Amino acid sequence: MKKSIGNGVVWNNAEEWEFLPSSVTMRGRRAMPITSPAAELPPGVLESGKVRVEKTFQAVPKPTAVRRSGGIPMLDLSVPVRPGEGSVLLVRRFVSDSRGGPQSRSTVTFHRPEEHILTRRTGTRVAAPALVRFRVPVRRSAPPSAAPQRRGIIGAIVHKAIEVTILKIVDVAADVPLPILAERWEKRSWEKERLSEGWLRVDREKLAAKKLDRWQPEKKTLVRGRSLLLLHGTFSNAGSAFHELAKGDFFDRIKPLYGDRIFAFDHFSVSRTPEQNARMLVEALPDGVFEFDVITHSRGGLVLRNLVEKSAALGVAGQRFRLGHAVLVASPNEGTPLATPERWERTVGWIANLLEMFPDNPFTTGASWIGEAIVWLARHASGNLPGINSMNAAGDLISELQAPPAPPGDAYSVLAANFSPDDRVWMRLLDLGIDSFFAQPNDLVVPTAGGWHIDKGVNSYVPPERIGCFGAGGNLADSVPVHHLNFFQQPDSAAFIVDALTRKPHPLRPIDPLRLLPGRRAAGAVAGRFLPRAGEAIDRRDEPMSAPSVEVAQASRMVEPLGVAPGSLAPVDTFFLSVLETSNEQPEASERKGDQVARSAQLLASYGGASVLVPFHRSGGEAGQRFNKIIRMQERLRNYIDGKPGTTLPKDAELIDFGKLLFETLFPSDVRRLYDVARSLRGSERLDLIFTSMIPWIAEKPWEFAYDPQRGAFLATEEIHFVRNVLTPIPAEEISERDLPLRILVVAPQPVGAAGLSTEEEIELISRDFKPLVEIGAVAVEVLPHATPMSFHGYISTGHFDVVHFIGHGEFLDDSGALLFEGTRGTAQSLTARTLREIMCQRGIRLVFLNACESGRGSRRQLNTGAAAALVAGGLPAAVANQYKVLDQSATSFAQFFYWALAQGMSVARAAREARIALKYSIEGETIDWAVPVLYARNPRANFCPRIHAGGMGRPVAPPITAPSGRRAIAGHVYRIGVWDVAHDFAGLEIILARMNAAQQRFGFELVTLSAPIGTWQLSQDVKHRAYLDANKVVGRLRNKPNELGIDALICITNQPMGGREKGREVAKNLYAWWDDPKKPVMLISMAGFKFPSEDENVLEKAIANTIALCLAGQFAQIDSHSRLPRECLLFRNETRSLEVLAGQRNLEPKCRQQLKQKIPEDLPAIEALLNAFPSARTATEKGRDRARPAVRPPKKSSRTAERRQ
């Protein structure tokens, strides 16, 4: 419902808000001071003279709208603007507690309108106003600490009012880039403050008065000894930034070092980059080399690092500056979220709130910038602010400074702060959304750990003994909370700086730079303030809910471990999310249409002693529709992975929509609020989340795909450590500490008839990642090849292994998981989940990694029947498995990164997350394989390896695409041609390629292994429902692979039937060779249907050599095959797929040879040499024989199945 509220302003959702009659309308066109108590503006809003207040009013959300939406409704306003005008919305929120207390805290945010303008029709010549629309989401506030806890989080909050101020901006029509606007503003604001860029002389009295004298650097002064230089940060100058140092004895203590050689350099920090600042600084120095110690604040640290680490970019003048030692105070070495261009509006609001909360600050031009930034917001000014954008964590400058080589080891000391505010400030920061703005400990402007992280290499941080840190986890005591704006007010800051400059050891506990700092509020400290009391559930007064049943109470004790032995289960600050079944019906009676189980269930979320219990609806209404969509997408994923014809992989947007459905299901409103609080309390540490379900078909869903729409991130790779648990009465095995080494058993059965896997490669990668630990005796890796059930049982029962890694095939049949081992004759023998549990549980094993298909899959009707779930239910502390069939190469890559992370000392949950991230970028194109692995763990923070210095382990090495010997063998060839045996069908292919390499020096063939984009080998169907590979699609998906692999062309050999389209015309489906245009240097060979005689290996060798020569001739000469005789011609189209033609002696008839000689004269001799690399072979028909054996395995049900672990 729309409502006019005066001055042409329309409230588009007035039915959700109550408009307060005390609102005041401010009329007039000129900027004017605000005298009404209803209008409260931050400093600087009206300073530019271009901003005026059009209207201010207050409103409160109606209770019915809050209950209906589960939160506060958005502000939806339409505001009239005339030509040359703009508008920005200022929203201030006042909040009191549920006892009706005063409006004790408020926050302010700025919002620009939507780009689209609705023009009004008019019959007059005067231009009528247009309407711009504001749609502003309103965040629900966090509870004040004084609020009573009877009703939990929701009941503690009452929004007294939301104050809306409509700002009108004049002179916004000019289209001037933002960098130019910033430079104009900065010059004006500095002139107003009587400031100018350049060198300044510093003494105690002048600094205390914030009025420093200009100084022209002179050689006679600088050569007398080391000098001290002060470099300020954004919105400030040397006087405002460092004047607090004039108090106390700081100058007395440094006088013996520098005498009167104390200087500062004032510079523009918004319109110039740190490199430009550094260049101006050194260009003002006289010729020579002069040594400086330096104190920097904030962005000034980046100016210094340009002087020290990028001096070559400053030209000859860059050599004039030589660093003695520097103290970097609150330096944004890894950037700051405030500099992210996409967060413009939030940055302006953030600075405005800082100015209000901390009026005693060094931001000389901060208020003026707020007033000007509002104008820029209204302009939708293009470009960025050079000085601020330089602090963008994703920007070029930060990337260059943080790249190797590292600065000198003794160059820097660091002062940082992990701001730990009082309740008043903390509440206000929560209202601003600090938990989502900064995802880690910070000082309100820059991330804390970024202060000491100065490189991405081995020496990536300032030495621990030269780090000083205020706040939680720090080593400096703070009598008042220390933040970005008050460092130099602290006596301990001055003492630290003096010790650093005099090269004295700091009498402080060393900070571990690799350790994550605690969040600004430790869970135990705030559980009584911000969360319900331990064991207390949030009471949804607006949504009645039945009391938990006995079954729920019992289940909650199973799924939320409390009071367990250290190390065996999860810490209390783990987020537990459990689906509890409250129905007493049997599955058969309660199930409807497969997955849709009706009636009662509840969702229990708990963290830090607080808990939320809400209904978990699965059918009917919106919940039923949501689950129907989830079930359909899951079936589509499974059908696609199983290679069902006609099934396509969901596009990225579809996967994100699927992830949103999963997220909305697991995080309804109250659970989401507890989750947000828990995540913010963890600070820079990832939140550990353990999911458990009493309902089998709920547990079976792929929750790893959950996607947070507000933060735009998949939970399992960005936001949290997503871990599963199972419902079981058996406690996790309590394993006592053992002497090193950590023992790892790699089990690798290869039963006859099962698809070949990259077993040797995976074993090699695991061994390589643990090599440093093996060399120092911390880890021992043992391999059990060709494992049979008996040998496996024997090793497990007597070996005392800590980790068991299974490489092989898995299956899920008859609602039960199983792993395939080698039987007595080498054939496959399956061990069921129950048998695996009997063999491995209660053996002291800490982790089992089942790198096999469907080893993590569960039943829709029974709990814990999958292989991994059964092991965890039996007391195993942790298991990694796959919930679907998985690409062999993806399984190997995940294992590699997982074990590399464990070897670095990471927890099992973090290792799984790092491995998921590695899969996302190691496979090109569309992929779902990062979400296929699942981690079951009782304690997600369990560590399995001794901690080693981060640089000592090295970095993970990607799986090799070819053997080093293969690379050396073709070093003298002109072209490098990769040959990929897609389904591992040709055991002797490497030998064949070696002989082809020896026959000529033009084409160097090497055997490669790679991961194809998901869907590459998906089969298509013709009108007769015959399955075949679409060559056009395959080549299109693989076209970038040669460039990735560093080769000139790629030849793929498959066992699937193949067809394609040529110039839009469909060609036959029985092709055995395919090449495309030069931009797609990928060739395909299909050996489907050919029978090669077992007694004559020359037939296979000749067929491969002939077909590869055919592909090279067609690809490099861009020539087509033909149907004319003779059949012996290499380019003869063998439409009948005759083995005699394929493996016979081939040559080039005169016309074809002439064409190739004209197009590829230098390549022709090599192609002919390949035709003679092997002696002519007589086929079974020529010898009159009937017996033949397949040299390749028969085509499997689908190409997807062929390339995935079974």
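Tabulated data for the structure shown
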read-out: Residues (touching a strand residue (DSSP E or B) at 6+ places or on another chain (Cβ under 8 Å), in a helix (DSSP H, G or I) and more than 19 Å from Leu354 (Cα to Cα)) located in segment 476-520; value: Asp492, Ser493, Phe496, Ile497, Ala500, Leu501
read-out: Restricting segment 388-415 to residues that are closer than 30 Å to Thr502 by Cα and touching an Asp or Glu at 6+ places or on another chain (Cβ under 7 Å), the residue that is modelled with the lowest pLDDT; value: Pro404
read-out: Residue match in segment 782-795 (condition: surrounded by fewer than 15 Cβ atoms within 10 Å (Cβ to Cβ), assigned by TED's automatic domain parsing to the domain that holds Val932 and in a helix (DSSP H, G or I)); value: yes
read-out: Phe1116 over 19 Å from Glu1168 (Cβ atoms), of a type outside the set (S, T, N, Q) and surrounded by 20 or more Cβ atoms within 10 Å (Cβ to Cβ); value: no
read-out: Subset tally (residues that are more than 20 Å from Pro332 (Cβ to Cβ) and surrounded by fewer than 20 Cβ atoms within 10 Å (Cβ to Cβ)) for segment 291-313; value: 3
read-out: Any chance Tyr640 is modelled with pLDDT of 85 or more and among the hydroxyl-bearing types (Ser, Thr, Tyr); value: no
read-out: Selection count, segment 639-664, where residues are assigned to a loop (DSSP other than H, G, I, E, B) and of a type in the set (Lys, Arg); value: 2
read-out: Checklist (1) more than 30 Å from Asn639 (Cα to Cα); (2) at pLDDT 85 or above; (3) not aromatic (Phe, Trp, Tyr) applied to Val1035, failing item; value: (1)
read-out: Selection from segment 353-370 of residues that are of a type in the set (Phe, Trp, Tyr) and assigned to a helix (DSSP H, G or I); value: Trp369
read-out: Leading residue by the ranking (surrounded by the most Cβ atoms within 10 Å (Cβ to Cβ)) among those in segment 316-344 that are charged (D, E, K, R) and modelled with pLDDT under 90; value: Glu334
read-out: Candidates Ser87, Ser98, Ser104, filtered to the one that is surrounded by 15 or more Cβ atoms within 10 Å (Cβ to Cβ), at pLDDT below 85, touching a strand residue (DSSP E or B) at 6+ places or on another chain (Cβ under 6 Å) and at negative phi; value: Ser98
read-out: Residue count for segment 183-228, restricted to those that are in contact with a Pro (Cβ under 7 Å, 6 or more places away or on another chain) and either in a loop (DSSP other than H, G, I, E, B) or surrounded by fewer than 16 Cβ atoms within 10 Å (Cβ to Cβ) (or both); value: 3
read-out: Residue list for segment 448-475, filter: part of a strand (DSSP E or B) and either at pLDDT 90 or above or more than 26 Å from the chain's Cα centre (by Cα) (or both); value: Ile467, Gly468, Cys469, Phe470, Gly471
read-out: Filter pass, Arg846 being among the basic types (Lys, Arg) and either without any contact (Cβ under 8 Å) to a residue 40 or more places away in the chain or not assigned by TED's automatic domain parsing to the domain that holds His800 (or both); value: no
read-out: Residue within segment 749-769 that is modelled with pLDDT of 85 or more and either outside the structural domain of Val848 (by TED's automatic domain parsing) or closer than 22 Å to Leu871 by Cβ (or both) present; value: yes
read-out: Subset tally (residues that are surrounded by fewer than 19 Cβ atoms within 10 Å (Cβ to Cβ), under 39 Å from the mean Cα position of the chain (by Cα) and at pLDDT 75 or above) for segment 963-989; value: 1
read-out: Residue check, Tyr675 of a type in the set (Ser, Thr, Tyr) and in contact with a strand residue (DSSP E or B) (Cβ under 7 Å, 6 or more places away or on another chain); value: yes
read-out: Matching option when the condition is modelled with pLDDT under 80 and among the polar types (S, T, N, Q), among Gln1056, Gln1001, Gln1021; value: Gln1021
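The values are calculated or read from the model by the stated rules, or taken from the named source; none is laboratory data. Since this is a predicted model, take the numbers as computed values, not measurements. Heads up, the Cβs are rebuilt from the backbone with ideal geometry, glycines too, and the neighbour counts pull from every protein chain shown.
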